[in-house]
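Accompanying notes for the structure given below.
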């Protein structure tokens, strides 16, 4: 059903506009699923996974790098929901959700979540949170 919906959307909107729409949808989702304050990256990862787990939306691993956080979201159901050809924009949902959560937890507004690589066959998508 969502694949048919995605196909209809893709006929009327560019991938860039669809990605922006999905990003906003992710922001709305995050606003409705408020995280508790986190004292560490591990606490933040645990809180986020407590949101994803009951929804069967996979899980995230967050690693600290020198100048950013690396987020690997595993088993994202986006391919199954929207189809392969729509992964270029549907992954914006997770960008919006993660960026919104980071901001609500106190991150600098200049930092952004950006996708670093395409989804693999198992639904793992890598994002970067930084400048």
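The values are calculated or read from the model by the stated rules, or taken from the named source; none is laboratory data. Not measured: the values here are computed from a predicted model. Backbone-built Cβ (ideal geometry, glycine too); neighbour counts: all protein chains shown.
Residues of the range 59-80 being over 11 Å from the mean Cα position of the chain (by Cα) and either in a helix (DSSP H, G or I) or on the phi > 0 side of the Ramachandran plot (or both), which ones? Passing the criteria: 75, 79, 80.
Only one residue in 107, 97 is modelled with pLDDT under 95, closer than 17 Å to residue 127 by Cβ, in contact with a strand residue (DSSP E or B) (Cβ under 9 Å, 6 or more places away or on another chain) and surrounded by 14 or more Cβ atoms within 10 Å (Cβ to Cβ), so which one is that?
107
Evaluated against (1) over 13 Å from the mean Cα position of the chain (by Cα); (2) surrounded by 13 or more Cβ atoms within 10 Å (Cβ to Cβ), residue 37 falls short on exactly one condition, (2). Of the candidates 31, 42, the single residue that is under 15 Å from the mean Cα position of the chain (by Cα) and modelled with pLDDT of 95 or more is 31. Set side by side, the residues 89, 52 differ, and just one is assigned to a helix (DSSP H, G or I) and at pLDDT 95 or above, which is 52.
Being touching a helix residue (DSSP H, G or I) at 6+ places or on another chain (Cβ under 8 Å) and loosely packed, with under 13 Cβ neighbours inside 10 Å is true for just one of 76, 30, 118. Which residue is that?
118
So which of 100, 119, 90 ends up being under 25 Å from residue 39 (Cβ atoms) and touching a residue at least 40 places away in the same chain (Cβ under 8 Å)?
The match here is 100.
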